[in-house]
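What follows is calculated from the coordinates using simple rules that are stated; it is not laboratory data. Remember, it's a predicted structure, so these values are computed and weren't measured experimentally. Quick reminder, even Gly has a Cβ in these numbers, built from the backbone with ideal geometry, and neighbours come from all protein chains shown.
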Amino acid sequence: MINAKSPLWQASEAALRIIEHPGTRIASDGARALFVMVLACSLGAVRVRSQQNPRGTGTRQNQTNIESDKLDSNAQDQNLRKPEEDKTNSPGAGVHLAPTAMTFPETMVGNTSAVKTVTLTIDGAALTMGAVVINNGEFSVSSSTCTGTVAAHSNCAIEIKFKPTQIGAQKGLLTITDSDKSSPQMVTLVGNGTSPASLSPSTTTFDTEVNGATSPQKTITLTNHSDSTITGMSGGIGGTNAADFALIPESECAGSLEAHASCTFTVTFTPSAREAETGELSVIGSGGAQTAQLRGNGAGMKITGSLAFGAVTNPGTKIQSVTVKNGGAMPVAVGSPAISGSNDASFGIVPYSAGPPVYSTCTNGVVILAKGQSCTISVRFTPAAGSGKASNATLNTYESDGTTPNTVAISGTN
């Protein structure tokens, strides 16, 4: 609707008055034309404003980010756009291509794929070759016999290679111009660049550590599998409990990594809570981003010793003990130990004995360890009948306010 107070409305009213005034009939035709023009302009202006903001004066949706995302996702698809009329291999063409589409295998960034060949078969008169162009620099012509003049009823070949410089899907269009009426001929190209590097192991698990104490160092290896140097490398730790994991400053992975070389990151764990903790080592560079998971468990107490029994002859029995020590500042109540994961009754907790020998002092009633105090848990191994059988299990011990058990692997054979 036109605003009655707008200049355009007022001009329209003036034009009408000119038409209707008795002393101005001589100019009525001109005024009528003026009125029609003014009214048309008014309606046009309203229509334009309506199209510009169809929802009135309310806030319009911000299209910037959406359009930017679409541009990113469609950028490679644009490389495959052909002219409205693609005459490649059209009826009556004097030259035919095979294939008209190429998909390269996944290729690490910095490496070069095996070549793929496009063959031009000349069915008629000799062919005068023009330009051979690819619109994506990740693909290139390795070699070509399609140059100059190609004899009638013969063929020539163009070899294409794929050498990605970035991770992700790549698309391109090979365009061949020549003297045939089907020119230009086109071939679609598709490839995918993959990360040239990896971190090993993908998950690093630290032994249970007393709160505030720092674990022994563990190393994570970064390997460059490609034929090119990885540059701009840097590493860092993130994740839920990032502050409790640390990179040793002397870690050698920094700056660049030569082709087919390796380097290591050194990480430590200093828990701040009596629970399972997680983090993530991230490495970025020209080879993309790699990650490795970090896991550890904080506790007030720590178990030392081994429950690897080795070989025990049936019906013999062997007993081994581990020591539980409170390394924290506050007293810790030791929960009842238990064995899990055993597929037979070969392993068992030895009841408390004042000795000699002394066994399982951690099971002598309710055991509360003050700072620095310790007790023992004794486990027996009585293998089943037979020979050469391996048995495995896990000793689980909880502390007073812990939610994750302290564990020790148990193993033995008969």
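Taking other Cβ within 10 Å of each residue's Cβ, how do E280, E399 sort, fewest first?
Values: E280 16, E399 21.
Neighbour counts put them in this order, fewest first: E280, E399.
Find which of F139, T149, L174 sits farthest along the positive direction of the dipole of segment 110-189, computed with +1 on the beta-carbon of Lys and Arg, -1 on that of Asp and Glu, about the Cα centre. Looking along the dipole axis, the top candidate is F139.
State the antiparallel share, in %, of DSSP beta bridges confined to segment 78-194, rounding to the nearest 5.
Numbers: 30 of 35 bridges.
Of the beta bridges lying entirely in segment 78-194, close to 85 percent run antiparallel.
With K and R counted +1 and D and E -1, the other residues having a Cβ less than 15 Å from that of S374 yield a net charge of +2. Exposure proxy shown here: for S374, S143, the number of other Cβ atoms within 10 Å sets the order, fewest to most, as S143, S374.
Checking the cross-link pairs K325/K371; K116/K163; K87/K116; K87/K171; K116/K161; K87/K161 against a 18 Å limit on the alpha carbon distance flags K87/K116; K87/K171; K87/K161 as lying beyond it.
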